[in-house]
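Undergrad: This structure is in structure tokens; I'll ask about it shortly.
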Amino acid sequence: MHNFKELIVWQKARTIVKDIYILTKKYPKEELFGLTQQIRRAVVSIPSNIAEGAGRGTNADFARFLDIANGSACEVETQLYLSLDLEYITQTEFDEINNKLQNIEKLIFNFKKKLLI
């Protein structure tokens with residue numbers, strides 16, 4: 001069992017949740033139950049799955065939840081591209097958040113490798 005609060009990957013994933021919530025506040029109101037809600041749910045599931053995996057009994061279980069967290073990160077990345085395509089965000093906003101997201105994806109990948117050694 002791991003203490004998820006001490007994991008840098010969880011801390012960074014938690015921070016990006018706030019970034020996405022702030023970013024999506026400016027989305028059109030008609031997107032509240034569309035893209036806004038979808039990207040928010042996906043980003044929340046990243047640190048949530050890291051935490052849930054940390055509470056599991058084995059490293060193999062934890063690795064499975066890291067895969068789920070990474071899938072959610074990929075979902076957020078796609079939704080950021082869609083937000084850019086729809087001109088809800090600027091290229092600068094996209095680049096800033098996407099760079100953070102790419103870093104989280106790398107941290108998840110590397111942490112999973114260490115778990116399974």
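Bear in mind that the values in this text are calculations on the coordinates, not laboratory data. Here the structure is a predicted model, which means the values were calculated and not measured. Cβ sites come from the backbone with ideal geometry, for glycine too, and all protein chains shown count toward neighbours.
Undergrad: If the label point is 7 Å along Cα→Cβ of L82, which residues in segment 26-66 have backbone nitrogen under 19 Å from it?
TA: So the set is 26-46.
Undergrad: Kindly write out, for segment 15-27 in residue order, the coupling ³J(HN,Hα) from the Karplus curve 6.51 cos²θ - 1.76 cosθ + 1.60 (θ = phi - 60°), rounded to whole Hz, with x marking Gly and Pro.
TA: My calculation for segment 15-27 gives 5, 5, 4, 4, 4, 5, 4, 5, 4, 7, 4, 8, 5 Hz in order.
Undergrad: Mind checking segment 12-104 for trypsin sites (Lys or Arg not before Pro) that DSSP puts in a loop (not H, G, I, E or B) and that have at most 13 other Cβ atoms within 10 Å?
TA: K25, K26
Undergrad: Also, I was wondering about something else. Given a cut-off of under 8 Å on Cα pairs at least six residues apart, what relative contact order in percent is computed for the chain?
TA: Relative contact order of the chain: 30 percent.
Undergrad: Taking only the alpha-carbon atoms of the chain, what semi-axes of the equivalent ellipsoid follow from 5 times the gyration tensor eigenvalues under a square root, in whole Å, largest first?
TA: Listed largest to smallest, the semi-axes of the chain are 28, 13, 11 Å.
Undergrad: List the pairs from K26/K106; K18/K114; K18/K113; K5/K114; K12/K113 whose alpha-carbon separation is above 23 Å, in the order I gave them. Please list the in-between numbers first.
TA: Numbers: K26/K106 28 Å; K18/K114 28 Å; K18/K113 27 Å; K5/K114 18 Å; K12/K113 18 Å.
K26/K106; K18/K114; K18/K113, as the Cα separations exceed 23 Å there.
Undergrad: Shifting gears a bit: Pick from F65, F33, F94: which residue has the top mean-square fluctuation in a GNM of the chain where Cα pairs under 10 Å get a spring?
TA: F33
Undergrad: Would you mind ranking F4, F62, F109 so that the residue whose beta carbon has the fewest other beta carbons within 10 Å leads the list?
TA: F109, F4, F62
Undergrad: I'd like the GluC sites (Glu not before Pro) in segment 21-117 restricted to DSSP loop residues with at most 11 other Cβ atoms within 10 Å, sorted by number.
TA: E87
Undergrad: Once phi is turned into ³J(HN,Hα) by the Karplus curve 6.51 cos²θ - 1.76 cosθ + 1.60 with θ = phi - 60°, what whole-Hz value does each residue of segment 96-111 show in order, with x for glycine and proline?
TA: Per-residue couplings from phi come out as 4, 6, 5, 4, 5, 5, 4, 5, 5, 4, 5, 4, 4, 4, 5, 5 Hz.
Undergrad: Placing unit charges on C-beta atoms (Lys and Arg positive, Asp and Glu negative, everything else neutral), compute the dipole magnitude of the chain about its Cα centre in debye, rounded to 20.
TA: 540 debye
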